[in-house]
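All of the numbers you see were taken from the coordinates with simple rules; none came from a lab. Bear in mind that the values here come from a model prediction, so they are computed numbers and not experimental data. Because the Cβ atoms are built from the backbone with ideal geometry, glycine has one as well, and the counts that use them run over all protein chains shown.
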Amino acid sequence: MSVRWCIGLLAALYITAPVRAQVIDSAPSRSPLVRTIALDARLAADHGVQLGDTVRVSAAPGDSLGERAVVSALLARRADPSEIARQEYRARLHLDHLQRLINYGDRVDRFAVQSAGDAERATLLDAINSSAFGFRAWPSAEIAVRTSRTFQVVRRFNSAIGVITIVASAAFLLCILLLKIDERRRDVAALRMMGISPATIVNSVVIEAGIIALLGSLAGVVFGLIVARLVNWHFQGVYRTTLAFTLVTPQTVLFACVLSVLLGTVAGWVAARRLVGQPALTLLGR
Amino acid sequence: MPVRLAMLALFRHPARTLLALLGIAVSAALLLDMVMLASGMRENFKGFLMLRGYQLRVAPKGTLPFDSDATIDSATALVAAISKLQGVTAVSPVLGAQVQTIASRDSTVTAFTLGLFPDVQGDYEMMRGADLADSSSVLANDKWLAATGHVIGDTVMLAIGYDPQLQTVVGQRQFVVRGVARFHYIAPTQPTLGMLLPVLQGMGGSERRDRASLVMVKAVSDADAEAVRTRIAGVSPRISAISLEGATEAVEQRLGYFKQLALVLGSISLAVGVLLVTTLITIGVNERAGEIAVLRAIGVAKASIVWQVVMEGVVLTGAGAITGIGIGLVTAKWLERILSDFPGLPSTFRFFVFQPRDAGVALAMLAGAGMLAGIYPAWRAASMPIAVTLRREAVA
């Protein structure tokens with residue numbers, strides 16, 4: 001494969017296959033022939049494997065032809081959403097070690113190629129694809145888009161649930177504020193009898209409703225932060241990952257506060273207009 | 001009588017009641033959707049696995065069917081051993097592999113291919129044409145036909161892989177498209193083929209010789225399935241025998257996020273609904289303090305007042321819940337459409353399955369919530385001091 005116009009090229013080879021590991025010795029191996037292996041930290045925790053232990057790895061369960069390997073590293077699970085639902089353990093072996101172990105020949109499942117710069121990428125892709133037979137090169141960004149469909153669906157689902165929740169919350173907020181202001185009918189009647197103009201009353205009620213909505217939404221932000229921590233703590237424990245499941249971002253806070261203040265103000269205005277539209281004596285129940 | 005009084009009290013403030021009804025209806029809709037999501041996935045998945053009556057799946061040890069590239073070796077011997085077990089009525093081995101359809105040297109269509117035996121298979125149903133008959137027959141789904149432009153009766157060249165060094169395909173073989181099938185467990189967007197198991201094994205060379213990705217097993221009855229599963233597990237240390245319950249649990253674990261989300265959102269909508277109804281009825285009771293005191297003064301029993309206020313909560317929640325079930329069914333369709341875009345999901349799989357039991361659970365929970373919401377204001381109404389309340393109302 002000719003890539004002469006690529007100034008620097010770094011290739012990494014990957015191969016994936018199910019491999020079984022079994023602890024056979026806790027003493028560190030001194031044999032130079034025994035290869036090293038990196039094991040999933042969850043596997044190590046669940047089965048009491050430690051760094052330096054010798055394990056037997058094989059391509060199939062119960063395979064007596066497996067090889068011994070020394071645990072040289074423990075792998076923490078990446079905070080990758082695509083991996084959280086998968087419970088199987090991961091192991092990393094040297095490429096030639098795994099190829100031999102699973103009788104895979106001189107084959108790999110994929111290459112990662114690093115180009116010298118963004119400008120070189122398209123030319124490099126064309127060069128690889130024109131010389132390739134039976135494989136194809138993809139830009140990482142495109143792979144990310146193609147493999148992120150699951151999360152796009154989850155995001156759309158969560159957004160849809162969010163819309164339903166907002167409709168319910170809006171109805172509740174409007175209702176509560178109507179009630180709150182309706183409770184003030186006698187105060188409003190007294191103000192009207194004292195000669196305070198309807199516009200002043202409406203303005204004061206609207207400001208009051210806005211302040212209540214703002215204070216409520218600030219309390220909601222604090223509650224949301226607590227719930228987000230609880231949700232993250234719960235799901236991180238369930239899936240044994242450091243992935244953040246809920247994030248309270250400044251945009252989310254701003255959206256929630258603006259929406260609730262807006263709804264509160266509208267509710268306050270509607271309720272105040274209803275109150276000042278009635279005769280003062282009616283408001284007093286006469 | 002208490003129901004009528006409750007309704008009259010609610011219709012005294014129609015705008016307030018309508019807004020509360022809307023809020024409760026949307027909460028009820030969300031609750032119903034979440035109940036449908038939580039139970040629907042499980043029920044649907046069970047029915048989905050039982051499409052052809054195979055209660056058990058045998059996969060390579062520690063894996064779920066088609067969860068990895070791992071395969072079971074010595075499949076013929078394994079199938080023979082399982083067939084001899086007591087309680088087994090049918091055994092269907094299946095091998096899965098990626099197969100290239102050769103259109104020209106530079107143009108191929110990759111199809112997921114199942115190797116199976118048509119007389120015992122549980123993976124597809126015929127749509128058009130003829131079933132697999134000989135080693136040159138192949139079945140295709142509509143997506144493969146659309147991707148390749150082939151029709152029933154066409155002769156096609158298929159290969160199992162590539163040799164980049166020799167720049168040639170390997171395991172190449174000629175087939176005739178005999179029919180069109182719908183593959184139950186494969187996404188309709190995935191080009192798929194079906195052929196006889198020995199043919200696919202042969203195309204794969206030594207790597208796939210006598211191998212299977214999965215063996216499906218049918219027991220005499222559902223009741224015998226667990227006993228048969230235990231017997232199968234003892235046949236070989238290299239396999240996992242998975243029952244319907246085991247497979248459902250594994251999938252539920254994978255989709256646990258949705259179930260837990262459903263639980264959290266359902267609980268929140270219920271709690272918020274209770275709070276709203278409590279607030280609404282408490283304020284209503286405060287506004288009617290004079291009336292309640294008069295009723296008590298003329299001899300109406302405390303229990304009657306309590307019952308009326310509790311009924312107010314139940315009527316409000318009940319009306320909201322009934323409206324909410326209609327909204328919930330509509331929103332469930334909307335959410336189902338979103339989730340059906342999940343990559344690799346078979347067309348027959350459903351996340352939201354309406355069952356009258358689900359609607360009953362949602363209604364019962366809301367009725368309970370309505371009652372709960374009415375308890376505090378009812379207690380307040382019943383414990384008002386009659387004389388003090390009457391005097392305060394008279395002065396006001």
For the table B:61/B:333; B:61/B:84; B:61/B:218; B:46/B:259; B:46/B:333; B:84/B:143, the rows whose alpha-carbon distance is greater than 27 Å are B:61/B:333; B:84/B:143
The farthest towards the positive end of the charge dipole of the protein assembly as shown, of the residues B:334, B:383, B:179, given +1 on Cβ of Lys and Arg and -1 on Cβ of Asp and Glu, is B:383
Of the DSSP H helices in chain B, the ones reaching 27 Å or more along their long axis in Cα terms and averaging at least -0.5 in Kyte-Doolittle hydropathy are B:14-49, B:256-287, B:302-339, B:356-382
If R0 = 25 Å, then residue B:221 and residue B:76, at their Cβ-Cβ distance, give a FRET efficiency to the nearest 0.05 of 0.40
The whole-number value in µm²/s of the Stokes-Einstein translational diffusion coefficient for the protein assembly as shown, with Rh from the Kirkwood sum over alpha carbon pairs at 25 °C and 0.890 mPa s, is 80
Expressed as a whole number, the average count of other chain Cβ atoms within 10 Å around the Cβ atoms of A:272-280 is 0
Here the FRET efficiency for residue A:50 versus residue A:232, based on Cβ atoms and R0 = 35 Å and rounded to 0.05, is 0.75
Highest mean packing first, using Cβ neighbours within 10 angstrom, the peptides B:355-361, B:28-34 sort as B:28-34, B:355-361
Averaged over the residues of A:225-236, the number of partner chain Cβ atoms within 10 Å of each residue's own Cβ comes to 1
With +1 at each Lys and Arg Cβ and -1 at each Asp and Glu Cβ, the charge dipole magnitude of chain B around its Cα centre, to the nearest 20 debye, comes out at 1160
One checks the Cα atoms of the range A:69-182 and finds Rg and Dmax, in Å, of 24.6, 80
Placing each pseudo-label 7 Å from Cα in the direction of the beta carbon, residue A:204 and residue B:379 end up separated by a distance in nanometres of 3.6
Using alpha carbon centers only, the range A:213-268 is separated from the range B:169-197 by a whole-angstrom value of 49
Rounded to whole angstrom, the alpha-carbon centroid of the range B:208-263 lies from that of the range B:323-396 at a distance of 37
Mean per-residue count of partner chain Cβ within 10 Å for B:13-24 equals 5
Note: the range B:218-264 at 37 °C, 0.692 mPa s; Kirkwood Rh on alpha carbon pairs; Stokes-Einstein D in µm²/s works out to 265
Sorted on mean Cβ neighbours within 10 Å (highest first), peptides B:286-292, B:348-354 come out as B:348-354, B:286-292
Rg from C-alpha atoms of chain B, normalised by the globular rule of thumb 2.2 N^0.38 Å, equals 1.46
For B:382-392, B:175-185, ranked highest to lowest by mean beta-carbon neighbours within 10 Å, the order is B:175-185, B:382-392
Between the modelled labels at residue A:123 and residue B:275 (7 Å from Cα along Cα→Cβ) the distance in nm is 6.2
Classified through the alpha carbon gyration tensor (a ≥ b ≥ c as square roots of its eigenvalues; rounded if a/c is under 1.5, else prolate when a/b is larger than b/c, else oblate), the range B:186-248 comes out oblate
Per the 1/(1 + (r/R0)^6) rule, R0 = 45 Å and r from the Cβ atoms of residue A:88 and residue A:218, FRET efficiency to 0.05 is 0.50
